[in-house]
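Let me begin by presenting the structure, written as structure tokens, before commenting on it.
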Amino acid sequence: MKNNPKKSLIIKAAQKRFARHGLQKTTIEEIARDLRIGKASIYNYFISKEEIFQEVLGLEIDRYIAEVSEIFNNSAANLKEKLLNYISLKEAIKEKYILIYNLAVGVFREFQTDPEVEMLKSLLKNEEDVLNKFLKSYAKRDLLPDLPSFLINFTWGLVLTNQFDIIRERYSPSKNSEILEIFLKDFLL
């Protein structure tokens, strides 16, 4: 059933709806109407709107983690480029991975569901695993155990507070390069 074209179409239509209107304001009827199919057709593949949302969100998380892995596994990029590409991905997350962004923002809301909390924990754990593997491959000594989670928390903090512009204004590109060079010298290579 994973490679079912109709199920894939439902997922794509639902992703667009969820990205535009969120889980609460999206209905099965709207998804069905977007596809010009009956609501019953959707229920052949999914039990509920929440199940569709979890599948869509899971696929988006998988794509995001794959992109993070791709950044850090890119043999054509040097260490500094990889870190800057990672930060750039985080900077673009609100537009590129809106459901993940909304999930992260949802931490501050009381109506976040248990499955959403678990998906967010899984996302952060997978991202930490990728970063930990990457940083260990460059470390000149044992890594501080909290360094990968610090980088993840720092970059997610920038995402959630929308502080990329403020940091860019506060530090000139040469200052950012200086800070990155100190980090690289002290912790890596």
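Derivation of every value follows stated rules applied to the coordinates shown; laboratory data play no part. Because the structure is a prediction, the values reported are computed rather than measured. Please note: Cβ atoms are built from the backbone with ideal geometry, for glycine as well, and neighbour counts cover all protein chains shown.
Take every Cα pair under 8 Å whose residues are at least 6 apart in sequence, average their separation, divide by the length of the stretch 1-46, and the relative contact order is 37 percent. In the structure shown, the pairs LYS94/LYS121; LYS7/LYS80; LYS96/LYS121; LYS25/LYS82; LYS82/LYS121; LYS25/LYS133 are assessed against 29 Å; a Cα-Cα span above that value is assigned to LYS7/LYS80; LYS25/LYS82; LYS25/LYS133. Counted residue by residue at 0.36 nm each, then reduced by the alpha carbon distance between them, the extension gain from SER88 to LEU35 reaches 15.7 nm.
Once the chain from LYS6 to GLU67 is taken as fully extended at 0.36 nm per residue, the excess over their C-alpha distance is 19.3 nm.
Relative contact order of the stretch 1-152, taken over Cα pairs closer than 8 Å and 6 or more residues apart, is 19 percent. Listed peptides 74-80, 95-101 appear in the order 95-101, 74-80 once ranked by packing, highest mean of other Cβ atoms within 10 Å at the front.
With all projection directions averaged, the alpha carbon convex hull of the stretch 1-109 covers 8.2 nm².
Placing R0 at 30 angstrom, the Cβ-Cβ distance between LEU59 and THR161 gives a FRET efficiency of 0.65 after rounding to 0.05. Here the label points at GLU51 and ASN78, each 7 Å from Cα along the C-beta direction, are separated by 5.2 nm in the simple model.
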